[in-house]
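Asker: Could you have a look at this structure, given as structure tokens, before my questions?
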Amino acid sequence: MILSALVFFGFLFFWKGFAMPYENSAQCKMLATHCCCCGRPLVDAISVELGIGPDCRAGVTGGIEPETQREANILTHRAAIAAQSGRISEVLDIAAQIRQLGLPVLAQKVATRFKNAEKNAKITIQARDGLLVVKTPYRRGMAAEFVEAWRNVPGRRWSGQDGANVVPTASKRQLWDLLTRFFPGQYGMGEKGLFRIPNPDADAEVE
Ligand SMILES: [Zn+2]
């Protein structure tokens, strides 16, 4: 019984090994769940494929070459994935590429939501010698919980010199949990540029 189960799972693993390249191809990797322009959840199959909802795409890509349209579709999908993953710098790069395609109105729509993000970024994370130097605003209203949460991040210490909490890179997960708890939806600047902390309670308005 155990042996047959092992053989079965062994087979599954073997088979999956062959299936992997396909599953890992760009299109299969991640599903666009939110519109790249307004961030509202996408509900129909076409919108999910394009990464943009019907309201936001109305009128912005009409009358263009099929090849340009195809490239724009790929870019909006990528922008949607980047936005929902919090990689805001990447969204802004893609908006610039959409502009270069000759679609300034669409580019504008993709970028507008994050226009002031850099200015509003109050959190910074810098990598240094296997450590993360993390600056955040203070949570006055939740001071006790906030201090306690920082204490619970393994290996964390306060650096007076940096005016920041310093966390081992290995505690990245716990750091992210803290940021998600106290700063949902806020912007920060990290090694890969501008990012946004997910907001699990974001409004569920549907496009
Ligand atoms: Zn939209």
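Readers should treat all values here as calculations from the given coordinates under stated rules, not as data from a laboratory. Quick caveat: nothing in here was measured; it's all calculated off a predicted structure. As a convention, Cβ positions derive from the backbone with ideal geometry for all residues, glycine included, and neighbour counts pool all protein chains shown.
Asker: So for TYR138, TYR187, fewest C-beta neighbours within 10 Å to most, what's the order?
Answerer: TYR138, TYR187
Asker: While we're here: Express in nm, to one decimal, how much length is gained between ARG70 and LYS122 on full extension, taking 0.36 nm for each residue of separation and deducting their alpha carbon distance. Don't skip to the end; give the middle numbers.
Answerer: Working: separation 52, 0.36 × 52 = 18.72 nm, distance 3.72 nm.
Fully extending the segment from ARG70 to LYS122 adds 15.0 nm.
Asker: Would you please give the residues with an amide H less than 5 Å from that of LEU132, counting only those at least 5 places away or on a separate chain, with H modeled from the backbone geometry?
Answerer: Those qualifying (amide H under 5 Å, at least 5 residues apart or on another chain) are VAL167, THR169.
Asker: Right, next: Tell me the label-point distance for the pair GLU148, LEU31, using the 7 Å Cα-to-Cβ offset, in nm and rounded to one decimal.
Answerer: Roughly 3.7 nm, to one decimal.
Asker: Treat the count of other C-beta atoms within 10 Å as a stand-in for reagent exposure and order SER159, SER171, SER47 from fewest to most.
Answerer: With the sparsest Cβ surroundings first, the list reads SER159, SER171, SER47.
Asker: Specify the inter-centroid distance of the stretch 175-199 and the stretch 28-63, based on alpha-carbon positions, in whole Å.
Answerer: One Cα centre to the other: 24 Å.
Asker: Now, a different point. How would ASP44, ASP129 line up from fewest to most surrounding beta-carbon atoms within 10 angstrom? Each step should come with its number before you reach the end.
Answerer: Working: ASP44 11, ASP129 7.
Taking fewest neighbouring Cβ atoms as first place, the list is ASP129, ASP44.
Asker: Right, something else. Quick one: if the Förster radius is 25 Å, what FRET efficiency do SER85 and TRP158 give, using the C-beta to C-beta distance and rounding to 0.05? Provide the component values of the computation, followed by the final result.
Answerer: Numbers: r = 30 Å, r/R0 = 1.21.
In this case the efficiency is close to 0.25.
Asker: In percent, what relative contact order does the stretch 123-182 have, based on Cα pairs under 8 Å that are 6 or more apart in sequence?
Answerer: Dividing the mean separation by the residue count of the stretch 123-182 yields 33 percent.
Asker: How large is the charge dipole for the stretch 123-182, taken about the Cα centre, if only the Cβ atoms of Lys, Arg (+1) and Asp, Glu (-1) carry charge, to the nearest 20 debye? List each step's numbers first, then the result.
Answerer: Numbers: 10 positive and 5 negative charges, 9 e Å.
In debye, rounded to 20, the stretch 123-182 gives about 40.
Asker: Let me ask something additional. Hey, got a sec? Which trypsin sites (Lys or Arg not before Pro) in the stretch 61-107 land in a DSSP loop and have at most 11 other Cβ atoms within 10 Å?
Answerer: Here no loop site has a sparse enough neighbourhood.
Asker: Something else now. Using alpha carbons only, what's the Rg to Rh ratio of the stretch 83-207 with Rh from Kirkwood?
Answerer: My calculation of the ratio gives 1.04.
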